Structures are given as structure tokens and as C-alpha cells.
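Down below is the structure, laid out as C-alpha cells.
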């Protein structure tokens, strides 16, 4: 007998959030595996295939974008949703380029994630916001884009931005990457 339950990989370093997601998806009939680090991810992904994946953008000091890229290379048909506590245009673009199906800002619930799994195309009727970005938002997106370019290396990011490492660290403390 073949098991028709969809398989889901959760790559999330926040244990409480991962546990909540896992339980919620299991109640919906998914077979769920959870890893909390790139090292655990590397061991599991070579042993098992998945239909779906939920990947946190920031895994400790590592980027979840690497996991997205590897998952997409293994199975281009896998539906991958990237979750993040701070959504930026730069990371959304990179996630989609690397193979993510969708990109959601936290807090996102199981319904939001399942809807994202099911979306195959963009929505041209999505309302265009008339709100302009603030200077702080533009600055943060530029900092975050540079962080991504530097693979989340704070010293290199500070050097490229022309600021002291401590100044950058203080800015990052004010807006946690999760």
C-alpha cells in the first residue's frame, strides 16, 4: 500500500515555532520532518525526498537561501516557502530566483503556508500599495541586501557599507533577522 500523505520538511531554528508548525501540519495529514540547522539539513536532504518545504530565511548565523537552492536543485517540482521575521525586497527576489515558490513574512500560520504551496502563478490583481518607503525602511533593506551578498558576515557587510562593525551590530540588534 502506498502512503498518499504529503511529506513536508521544516527548516527552522526556533524550536517553539517549529513545534507549532509541525503539530499543525501533522493534524492536516502531512508527514513532517524538522531540522534546525544547515548541518542537520545537509544530512537529511541526501537521505529523503519531500513534496514541500518551509525554510526560515535566517538560521542562526547562516542563510536559509542556501537550503532553498539545494532543495530546488534536488527536486525542481518541490513547493518551497521561505518564512522570515523581516521581509525585504532583496531576500524575496533572491529566494524566488533560487527556487522558492513563495515568500511569507512572519507571523504566518498553517493556512497561509498551505495557500502559498498551492499558488502556482503570481496574481496580477494584487493591490499596489501607494505607501512610500521610509528612509529607515530603505536603509534597512540596503543593509539586509548587503548582508545577503556577504552571506550574513557582519564584518564584511560593515566594511562594504563603510560603517563601523559595532554601529552595524547595534542596528541589527534593533531589528532582529528571523
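The values are calculated or read from the model by the stated rules, or taken from the named source; none is laboratory data. No experiment lies behind these values; they were computed from the predicted model shown. Using ideal geometry, Cβ is built from the backbone for each residue, glycine included, and neighbour counts are taken over all protein chains shown.
Do we find that residue 29 is farther than 15 Å from residue 80 by Cα and assigned to a loop (DSSP other than H, G, I, E, B) in this structure? Considered against the rule, which asks whether it is farther than 15 Å from residue 80 by Cα and assigned to a loop (DSSP other than H, G, I, E, B), residue 29 comes out as yes.
Applying the criterion of being within 19 Å of residue 56 (Cβ to Cβ) and loosely packed, with under 15 Cβ neighbours inside 10 Å to the residues of the range 139-153, the residue that is modelled with the highest pLDDT is 153.
Within the range 95-110, the set of residues being within 20 Å of residue 121 (Cβ to Cβ) and in a helix (DSSP H, G or I) comprises 95, 96, 97. Restricting 108, 90 to those that are out of contact with any strand residue (DSSP E or B) (no Cβ under 9 Å at 6 or more places or on another chain), outside the structural domain of residue 152 (by TED's automatic domain parsing) and within 26 Å of residue 146 (Cβ to Cβ) reduces the list to 90.
Here residue 91 fulfils each of the conditions (1) modelled with pLDDT of 90 or more; (2) touching a helix residue (DSSP H, G or I) at 6+ places or on another chain (Cβ under 7 Å); (3) crowded, with 23+ Cβ neighbours inside 10 Å apart from (1).
Quick grid of which residues meet (1) over 25 Å from residue 55 (Cβ atoms); (2) surrounded by 13 or more Cβ atoms within 10 Å (Cβ to Cβ); (3) at pLDDT below 85:
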{"position": "77", "(1), (2), (3)": "no, no, no"}
{"position": "125", "(1), (2), (3)": "yes, no, yes"}
{"position": "132", "(1), (2), (3)": "yes, no, yes"}
{"position": "161", "(1), (2), (3)": "yes, yes, no"}
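If we scan the range 81-88, do we find a residue that is without any contact (Cβ under 8 Å) to a residue 12 or more places away in the chain, within 27 Å of residue 138 (Cα to Cα) and either in contact with a helix residue (DSSP H, G or I) (Cβ under 8 Å, 6 or more places away or on another chain) or assigned to a loop (DSSP other than H, G, I, E, B) (or both)? Scanning the range 81-88 turns up no residue that is without any contact (Cβ under 8 Å) to a residue 12 or more places away in the chain, within 27 Å of residue 138 (Cα to Cα) and either in contact with a helix residue (DSSP H, G or I) (Cβ under 8 Å, 6 or more places away or on another chain) or assigned to a loop (DSSP other than H, G, I, E, B) (or both).
So is residue 68 assigned to a helix (DSSP H, G or I) and under 24 Å from residue 152 (Cα atoms) or not?
The answer is yes for residue 68.
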